[in-house]
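The values are calculated or read from the model by the stated rules, or taken from the named source; none is laboratory data. Predicted model only: the values in this text are computed from it and were never measured. Using ideal geometry, Cβ is built from the backbone for each residue, glycine included, and neighbour counts are taken over all protein chains shown.
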Amino acid sequence: MSRSRPQDAFTLIELMIVVAIIGILASIASSEFYHMLMRARRAETVVMLDGIRTAEHAYMHEWEVYTSCVAQPPVVPGRTQVVFPATIFTSLDWNLLGWVPDSHVYGQYGVLAPTADTFIADGYTDIDGDSVLAHTQATQASKPQMITNNLTY
């Protein structure tokens, strides 16, 4: 009578199935990771516009008017961050407002004050480089919110 030995290893088919499953899961995860990365980078505009909005309210309390600021950087950045031209050492209108970002930015920011008691702050990004701009806006009465579709980066 012959005895069969218990199997001590995986077969090649079993290993190939495991590798295929891991490959499928990795492709799904990398796609989701890319979209999460884009959303995180686009979220910069909400944070920056909230800071601009706070600075505008402080400016209003001190000078009794809102102020306008030219859109900076001059061109909407693409996939890479760029230097925001206004710093604490420049004399641009952003310094009069009392707001400059701490570091490089993915977006372009501007403020329009059409009357003494209103302002509109806009942020634009194109972090996926497709030339379709994501637009976020804040006003004296509303916190920053996306104007464009949520899937626009």
Original post:
Out of region 61-85, which residues are outside any strand (DSSP E or B) and out of contact with any Asp or Glu (no Cβ under 8 Å at 6 or more places or on another chain)?
Top reply: HIS61, GLU62, TRP63, GLU64, PRO73, PRO74, VAL75, THR80, GLN81, VAL83, PHE84, PRO85
**OP:** Note down all Cβ pairs under 6 Å where the first residue falls in region 71-100 and is over 20 Å from HIS135 (Cα atoms), the second is among the aromatic types (Phe, Trp, Tyr) and at pLDDT below 95, and they're at least six residues apart or on different chains.
**Re:** ALA86/TRP94
Original post:
Can we say THR139 is within 26 Å of TYR34 (Cβ to Cβ) and either in contact with a Phe, Trp or Tyr (Cβ under 9 Å, 6 or more places away or on another chain) or surrounded by 17 or more Cβ atoms within 10 Å (Cβ to Cβ) (or both)?
Top reply: no
Subject >> Qualifying residues in region 1-51 (those that are of a type in the set (Phe, Trp, Tyr) and at pLDDT below 90) - the one nearest to HIS135 (Cα to Cα) >> reply: TYR34
Subject >> Whichever residue in region 97-136 is of a type in the set (A, V, I, L, M, F, W, C) and surrounded by fewer than 14 Cβ atoms within 10 Å (Cβ to Cβ) and, among such residues, is farthest from TYR34 (Cα to Cα) >> reply: ALA116
